[in-house]
1. Within region 62-78, can you find the residues that are within 11 Å of H90 (Cα to Cα) and among the β-branched types (V, I, T)?
2. Do you know which residues across region 25-47 are farther than 24 Å from D96 by Cβ and loosely packed, with under 14 Cβ neighbours inside 10 Å?
3. Out of (1) over 19 Å from I105 (Cα atoms); (2) within 19 Å of the chain's Cα centre (by Cα); (3) among the aromatic types (F, W, Y), the odd one out for Y77 is which?
4. Within the bounds of region 48-55, is there any residue that is touching an Asp or Glu at 6+ places or on another chain (Cβ under 8 Å) and surrounded by fewer than 19 Cβ atoms within 10 Å (Cβ to Cβ)?
5. Quick check on region 94-110: of everything there that is aliphatic (A, V, I, L, M) and closer than 11 Å to V76 by Cβ, which residue is surrounded by the fewest Cβ atoms within 10 Å (Cβ to Cβ)?
6. Count, please, the residues in region 80-97 that happen to be under 20 Å from the mean Cα position of the chain (by Cα) and aromatic (F, W, Y).
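Read-outs throughout are calculated quantities, based only on the coordinates presented, and are distinct from any laboratory measurement. Owing to the predicted nature of the structure, the values given are computational and were not obtained by experimental measurement. As a convention, Cβ positions derive from the backbone with ideal geometry for all residues, glycine included, and neighbour counts pool all protein chains shown.
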Amino acid sequence: MQIADLSYLETISDSLPIAGEVGVVVDAYASATGIPSHTLTDTNATVRLLPSGVGIARGRGFAVAVGEDSTAGVTVYGEGDRVIGRTKSHYFPNRDMTISRGFVIAIDLP
């Protein structure tokens with residue numbers, strides 16, 4: 001298919017920066033083998049634009065794996081002027097359980 005009339009489009013320079021970007025990515029994974037085995041993952045991400053022009057994005061993740069060879073993890077990423085993020089994982093060998101959690105906050109200033 002070929003579209004002939006594209007007069008309503010405009011050219012944008014590659015070097016033109018886009019202002020007002022804020023965002024987060026949260027990835028959670030869990031894996032376990034054996035009988036019984038259980039896994040659980042949960043993620044949440046929100047973005048808010050304040051009346052002052054400040055953008056705030058928040059994200060969190062949680063992962064649990066119970067069973068043989070249990071692995072669980074959370075990965076966080078943020079885009080903005082200020083980004084704060086942290087992840088932690090704990091393995092409990094006496095329970096064959098791995099728990100992981102993480103959070104990220106990104107702030108874009110006007």
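1. Once the filter is applied, which keeps residues that are within 11 Å of H90 (Cα to Cα) and among the β-branched types (V, I, T), region 62-78 yields V64, T71.
2. N44, T46
3. Of everything listed in (1) over 19 Å from I105 (Cα atoms); (2) within 19 Å of the chain's Cα centre (by Cα); (3) among the aromatic types (F, W, Y), Y77 misses just condition (1).
4. Yes, region 48-55 contains at least one residue that is touching an Asp or Glu at 6+ places or on another chain (Cβ under 8 Å) and surrounded by fewer than 19 Cβ atoms within 10 Å (Cβ to Cβ).
5. Here the residue is I105.
6. 0
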